[in-house]
Amino acid sequence: MTTELSAVSRKAQGTGASRRLRKSGRVPGIVYGSTEPTLIDLDHNNLYHSLKKEVFHASILTLDLDGKKQQVLLRDFQMHPFRQQVQHIDFQRVEKNKKIHMKVPLHFINADTSPGVKLSGGVVSHVMNDLNIACLPADLPTFIEVDLVSLSLSHSIHVSDLKLPSGVEAAGSHIGNAVVATVQVPRGAVEAEALATAESAATTAAAATTATDAKPEAKSK
């Protein structure tokens, strides 16, 4: 399903103009890439609710600008420090034959049935929650699935283990060795085991001391 939003171009710029737009329920923004940058403004409420959707951040968007539709990516946005208000937003135009770089969310599945969790009582730790990828616009996935079904205790899944969609590659040097998720023994269990070991050692030492103290002294002839 394609996400579409409407915008109008604007000429007024500067702090005062942006402040007036926000007071009228609009959000100032910009569209750049391939041609000259275009200043725009959008309806705040529609944009605010769209930003709450994960797909809005990692998919090709259709921007209806002054009645003409174009494909864009969300590149940046700023929120007010304490109000639920979008201050500014940036979009980048998409060229269908040019690769794009995007950060895509990771969706983890089968954690509860993995050997490390189900059989060993481990806890899954998500080291990464999204992944930088490179692909053509038509191949852009809205998310990447991470299957933990075979993950054992004290083992990890790396980027190189992921099954990326056709036409999609992980971006960045040495990214293949990066850890995505791991199964670890719960911290409380480790601390409890260490405490039990320490108590056992203390009990053994105390018993040895008691036995030594109770040993009768040899009679002198």
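Every number here is computed from the coordinates shown, using simple stated rules; none is lab data. Every value quoted in this text rests on a predicted model; they were computed, and no experiment measured them. Glycine also receives a Cβ, built like all others from the backbone with ideal geometry; neighbour counts cover every protein chain displayed.
The listed peptides 23-32, 71-80, ordered by packing as a protection proxy, come out as 23-32, 71-80 (highest mean of other Cβ atoms within 10 Å first).
Quick one: what do you get for the stretch 3-93 if you divide its Cα Rg by 2.2 N^0.38 Å?
Values: Rg = 12.3 Å, N = 91, 2.2 N^0.38 = 12.2 Å.
Normalised Cα radius of gyration, the stretch 3-93: 1.01.
Working from Cα pairs under 8 Å separated by at least six residues, relative contact order for the stretch 100-187 is 39 percent. Taking other Cβ atoms within 10 Å as a rough exposure proxy, K68, K103 sort from fewest to most as K68, K103. Think of each Lys and Arg Cβ as +1 and each Asp and Glu Cβ as -1; about the Cα centre, that makes the dipole of the stretch 100-187 roughly 260 debye.
Assign unit charges at the C-beta atoms only (+1 for Lys and Arg, -1 for Asp and Glu), then state the dipole size of the stretch 3-93 relative to its Cα centre in Debye, rounded to the nearest 20. If you can, show how the numbers build up before the last one.
Working: 14 positive and 9 negative charges, 75 e Å.
Taking the Cα centre of the stretch 3-93 as origin, the dipole is about 360 debye.
Stretched out straight at 0.36 nm per residue, the stretch from H88 to A138 would grow longer than its current Cα-Cα span by 15.3 nm. Between T62 and N129, the FRET efficiency from the beta-carbon distance, with R0 = 25 Å, is close to 0.40. Modelled spin-label separation between K98 and A170, with each label point placed 7 Å from Cα along the Cα-to-Cβ direction: 2.7 nm.
Residues of the stretch 28-66 with backbone nitrogen within less than 18 Å of a virtual label 7 Å along the Cα-to-Cβ line of L106, please, listed as ranges. It comes to 58, nothing else. Converting phi to 3J(HN,Hα) with the Karplus coefficients 6.51, -1.76 and 1.60 and the offset θ = phi - 60°, the stretch 53-61 yields 8, 4, 4, 5, 8, 9, 8, 6, 9 Hz in sequence order, with x at every glycine or proline. The length gained by stretching the chain between K118 and E145 to full extension, at 0.36 nm per residue less their Cα-Cα distance, is 7.7 nm. Between the stretch 116-167 and the stretch 1-77, how many Å separate their Cα centres? Using only Cα atoms, the two centres lie 32 Å from each other.
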